[in-house]
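Comments concern the structure below.
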């Protein structure tokens, strides 16, 4: 032992003596030092197999080599520390699941998220730190496994194929003295929870929720957390639901909880009120509930042990609805079922759905309520938990032109078509889910056939393949069903649209008009309840319809003088016999008789007045004739043309031609004809006229709808004539000769042979002209256009 101690002392002395040389050699050549270290490692391996007792020289050499190696390690460590300090400290992390594999690394608080999947494993690493400074450890809470052991940097924590539910992360060594590690997770049904730190749990436990995202961040000691730290982890605990019933003749019963029965069975005692509360909650939230009460209906929701229903009013509860609020509703379902008179226990329902009956006047007698984790199985069957009064379904369908059988409709849904001008050709009707025995019978009124016999229970009424329209129908219930329900129905008919409702065998539709049925609705209404108002449900044509066009001709010709009207038969402009008018469609007047809609107004469809024709449109107005020259008005063509039009329209207001002519607005003979007649109509010489701007107000004194139509073409002349409006036109003489232009006159071309005349009809490409000097004549459309062309001045006279 003394010998060994001696070796030790000799080695120490040798180390002191040779230290400067070693340091010097370190400074001169790093590679030499490394080589020496490698030789040391090789030699020390060999010498370890020999005895420790060696010569003092060998001991000195060994000691020297050890000292040299120690100094080399110190220098290397100092160099590494300098490098580390120049490298930023980063935390990196990656997430994994079986379907998507490992995701790219995120670092320093960035969100690693699987938006369409769950996290099953994680890896966390550190950059910029050496192991002796410390490291990072973490572990996962895994479904069906629980908390795993901590793993070190870059190791996998989690189990492929199983959901990760929570994590814990912590620093080790010197790192935990200078840094805090913060982390938070995004959890199914919670979203992002708050930040945890330094080994705290982050996530949930016992909820069976997936983690979908994670963030990790290093924060220097003393610095603020990256965000809120209030709730980083949620531990499941089972909440309690407590409830209490107020029962007929008993009053308030004791409190029941978590699925226990509250109320009575087999005693025919009504529930009148109840209270519900929750406690021991793992998350925030509460409970709301409401009841359907006799003579009151649905009450408003109340919450947290407040009374729903009534007390001391002897009113039965008939149904109830319960729902959770706040976060509690995100993580739990509330299930409940009721015991109803004449039904017994109904099935379970949940989360605000109605439980009980409505329309039966049946009392609730007891109730059970439970809380169940979201997504867990219901306590029992959930098929029939609320029963509306056993109102039967009425199911019906129609066979529609060009479409065939339509899909069945029921209980007020429309069947058929609207806005498509398609006829219903047949119908079928049936009853389903009837609470009592009975059925339905129905019949149709068919084009060219009349009323068919009654059929029943989905048999066809009407025709198919014959292109026959249904015009009307009626429906009636049979058996016990007729004692408990009324059947209401209405028709969408051509022209009329929706008619009003009828019921129980009353006729719905039209008759005598040859109007098609296009769609229909049917509803069943419980007896003693108010159904749709019954009115205006059947349109029957008045007598004498055989003398009217029931289908609109393309064009009609007037057999006699007649007139246009509006839909209310208010009289419009006269139309002369022989006028041919295009027809748009047939409609009905206010008395139910057919009238024909034309582009210019309505005319009767009575065959005594109009007849269908293939002739082109034409018209002729047999206006009275006045000759200006014979009556002493050489320059009165404008006034005489107007008076002839007014006389035809019956719009002279009792004035004769002299009075109307003298009433023309005048300016001096050199004045502007746009402002009045420049001169007097009796003047024999000179250029005397009045232009439309001043003439139109003059005409409107007698025919207030008169309009300046200057500038239009001859096609528009025809439209005005078809409306029954004579046209005052500034043209030429004699006999519409070619215009002679003599410069301009007050902004318009001065036509030396200017003359004004009246157009009173057309036939094809010819116009009928009534000229106050040259009489009446038929003139080609081209001649009229040329005569009118210089200034294109015209006024339509419309009363």
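Just to be sure, is residue 616 in contact (Cβ under 8 Å) with a residue 60 or more places away in the chain and not assigned by TED's automatic domain parsing to the domain that holds residue 733? If you could, list the steps in order and put the result at the bottom.
Values: in contact (Cβ under 8 Å) with a residue 60 or more places away in the chain: yes; not assigned by TED's automatic domain parsing to the domain that holds residue 733: yes.
In short, yes.
Return the residues of region 564-591 that are closer than 18 Å to residue 719 by Cβ and in contact (Cβ under 8 Å) with a residue 60 or more places away in the chain; say none if nothing qualifies.
Result: 564, 572, 573, 574, 575, 576, 579, 581.
Mind checking whether some residue in region 494-516 is in contact with a helix residue (DSSP H, G or I) (Cβ under 8 Å, 6 or more places away or on another chain) and crowded, with 17+ Cβ neighbours inside 10 Å?
yes
I'd like to verify a number: residues in region 545-563 that are more than 28 Å from residue 705 (Cα to Cα) and in contact (Cβ under 8 Å) with a residue 40 or more places away in the chain, how many?
From region 545-563, those more than 28 Å from residue 705 (Cα to Cα) are 545-554; that's our starting set.
Of the ones still in play, those that are also in contact (Cβ under 8 Å) with a residue 40 or more places away in the chain are 545, 547-550, 552-554.
Number satisfying all stated conditions: 8.
When you check residue 747 against the structure, is it buried (at least 23 other Cβ atoms within 10 Å of the Cβ) and in contact (Cβ under 8 Å) with a residue 40 or more places away in the chain, yes or no?
Working: buried (at least 23 other Cβ atoms within 10 Å of the Cβ): no; in contact (Cβ under 8 Å) with a residue 40 or more places away in the chain: yes.
Considered against the rule, which asks whether it is buried (at least 23 other Cβ atoms within 10 Å of the Cβ) and in contact (Cβ under 8 Å) with a residue 40 or more places away in the chain, residue 747 comes out as no.
Looking for whichever is at pLDDT 95 or above, within 60 Å of the chain's Cα centre (by Cα) and surrounded by fewer than 16 Cβ atoms within 10 Å (Cβ to Cβ) here; the options are 766, 780. Which one fits?
Details: 766 fails: surrounded by fewer than 16 Cβ atoms within 10 Å (Cβ to Cβ).
Every option except 780 fails the conditions.
Determine which member of the set 458, 415, 433 is over 30 Å from residue 589 (Cα atoms), surrounded by 15 or more Cβ atoms within 10 Å (Cβ to Cβ) and not assigned by TED's automatic domain parsing to the domain that holds residue 337.
Numbers: 415 fails: over 30 Å from residue 589 (Cα atoms); 433 fails: surrounded by 15 or more Cβ atoms within 10 Å (Cβ to Cβ).
The unique qualifying residue is 458.
With the checklist (1) closer than 24 Å to residue 378 by Cβ; (2) assigned by TED's automatic domain parsing to the domain that holds residue 115; (3) at pLDDT 95 or above in hand, flag the one item residue 209 doesn't pass.
Every condition holds for residue 209 apart from (3).
Can you say whether residue 468 is in contact with a strand residue (DSSP E or B) (Cβ under 8 Å, 6 or more places away or on another chain), surrounded by fewer than 21 Cβ atoms within 10 Å (Cβ to Cβ) and either assigned by TED's automatic domain parsing to the domain that holds residue 588 or touching a residue at least 40 places away in the same chain (Cβ under 8 Å) (or both), as far as the supplied structure shows?
On the way: in contact with a strand residue (DSSP E or B) (Cβ under 8 Å, 6 or more places away or on another chain): yes; surrounded by fewer than 21 Cβ atoms within 10 Å (Cβ to Cβ): yes; either assigned by TED's automatic domain parsing to the domain that holds residue 588 or touching a residue at least 40 places away in the same chain (Cβ under 8 Å) (or both): yes.
It is true that residue 468 is in contact with a strand residue (DSSP E or B) (Cβ under 8 Å, 6 or more places away or on another chain), surrounded by fewer than 21 Cβ atoms within 10 Å (Cβ to Cβ) and either assigned by TED's automatic domain parsing to the domain that holds residue 588 or touching a residue at least 40 places away in the same chain (Cβ under 8 Å) (or both).
Go through (1) within 30 Å of residue 441 (Cα to Cα); (2) touching a residue at least 24 places away in the same chain (Cβ under 8 Å) one by one and return the number of the condition residue 407 breaks.
Checking residue 407 against (1) within 30 Å of residue 441 (Cα to Cα); (2) touching a residue at least 24 places away in the same chain (Cβ under 8 Å), the one that fails is (2).
Could you tell me whether any residue of region 328-336 is in a loop (DSSP other than H, G, I, E, B) and surrounded by 20 or more Cβ atoms within 10 Å (Cβ to Cβ)? Please lay out each step first, then the result.
Within region 328-336, the first condition is being in a loop (DSSP other than H, G, I, E, B), and the residues that meet it are none.
Scanning region 328-336, I find no residue that is in a loop (DSSP other than H, G, I, E, B) and surrounded by 20 or more Cβ atoms within 10 Å (Cβ to Cβ), so the answer is no.
Restricting the search to region 741-799, which residues are in contact with a helix residue (DSSP H, G or I) (Cβ under 6 Å, 6 or more places away or on another chain), under 22 Å from residue 651 (Cβ atoms) and in a loop (DSSP other than H, G, I, E, B)?
772, 793, 797, 799, listed by residue number.
With region 101-174 as the region, which strands (runs of 3 or more DSSP E) entirely inside it contain at least 1 residues that are farther than 16 Å from residue 212 by Cβ and at pLDDT below 95? Reasoning before the result, please.
Numbers: elements: 121-127, 136-142, 164-171.
Answer list for region 101-174: 121-127.
I need the strands (runs of 3 or more DSSP E) fully contained in region 537-608, keeping only those with at least 2 residues that are touching a helix residue (DSSP H, G or I) at 6+ places or on another chain (Cβ under 9 Å) and closer than 21 Å to residue 767 by Cα. Even if it seems obvious, please write down each step before you answer.
Numbers: elements: 538-540, 555-558, 562-565, 571-575, 580-582, 585-588, 594-598, 601-604.
Passing ranges, in order: 571-575, 580-582.
What's the number of the condition residue 668 fails, among (1) without any contact (Cβ under 8 Å) to a residue 24 or more places away in the chain; (2) in contact with a helix residue (DSSP H, G or I) (Cβ under 9 Å, 6 or more places away or on another chain)?
Answer for residue 668: the failing condition is (2).
More than 28 Å from residue 238 (Cβ to Cβ) and modelled with pLDDT under 95 - does that describe any residue in region 350-357?
Yes, that holds for at least one residue.
The values are calculated or read from the model by the stated rules, or taken from the named source; none is laboratory data. Since we're looking at a predicted model, the values are computed, not measured. Ideal geometry is used to build each Cβ from the backbone, glycine not excepted, and the neighbour counts take in all protein chains shown.
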